[in-house]
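Read through the structure below, which is laid out as structure tokens, and then see the notes.
The values are calculated or read from the model by the stated rules, or taken from the named source; none is laboratory data. The shown structure was predicted, so the numbers you read here are calculated from the model rather than taken from an experiment. When we count neighbours, we look across all protein chains shown, and the Cβ atoms used for this are built from the backbone with ideal geometry, even at glycine. Please note that ligands, DNA and RNA were not included when accessible areas were found on the heavy atoms of the full protein model with its side chains. Shrake-Rupley method; radii C 1.70, N 1.55, O 1.52, S 1.80 Å.
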Amino acid sequence: MKNIINQLFEIEAKLNGDIAKSVQRNFERLYHELQRMGYKVVNPLGQKYDERDISIEANVLTNSNNAKIVKVLKPAIYQKIDETYTLVQKAIVIAE
């Protein structure tokens with residue numbers, strides 16, 4: 001399932017402009033169905049990078065303590081097991 005989620009995420013990230021707007025509803029429905037199946041996909045794009053966050057693996061391009069996530073290569077994926085979400089994939093990001 002991680003591979004399917006990663007492919008959906010990558011396709012969504014590659015789309016831009018009018019094309020992205022026309023298929024955004026489709027992506028929202030796909031993510032909704034994944035959520036119904038017990039998966040949560042987290043895109044940390046734009047968030048402040050915190051090295052203590054265990055759900056993120058980052059390539060940090062600056063020495064600043066105010067690094068921001070500027071690109072997400074893979075999202076964080078959680079799976080609901082026994083009413084608790086468990087991290088099954090760390091987000092892979094670039095921060096600067």
* Structure fact -> For VAL42, the accessible surface traced by a 1.4 Å probe with all protein chains present amounts, in square angstrom to the nearest 10, to 50 Å²
* Treating only the Cβ atoms of Lys and Arg (+1) and Asp and Glu (-1) as charged, compute the dipole magnitude of the chain about its Cα centre; round to the nearest 20 debye. => 160 debye
* Asked: Using a 1.4 angstrom probe and counting only protein chains, how large is the accessible area of PHE27 in Å², to 10?
  -> 20 Å²
* To do: Grab the chain and count how many Lys pairs have their alpha-carbon atoms under 22 Å apart, sequence gap of 8 or more, or different chains.
  => 26
* **Calculated from backbone phi, Karplus (6.51, -1.76, 1.60) coupling profile of region 87-94 in Hz, x at Gly/Pro** => 5, 10, 8, 6, 6, 10, 9, 10
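Output the relative contact order of the chain, whole-number percent, from Cα pairs under 8 angstrom with separation of 6+ residues.
Working: 142 pairs, mean separation 28.0, N = 96.
Rounded, it is 29 percent for the chain.
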* Which of ALA13, ASN63, MET1 sits farthest toward the positive end of the charge dipole of the chain, with +1 on the Cβ of Lys and Arg and -1 on the Cβ of Asp and Glu? -> ALA13
* **Virtual spin-label span in nm between GLN7 and ASN65, 7 Å along Cα→Cβ** => 4.4 nm
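Whole number in Å², please: accessible area per residue of region 1-69, 1.4 Å probe, ligands, DNA and RNA not counted.
On the way: 5320 Å² over 69 residues.
I get 77 Å² per residue for this part.
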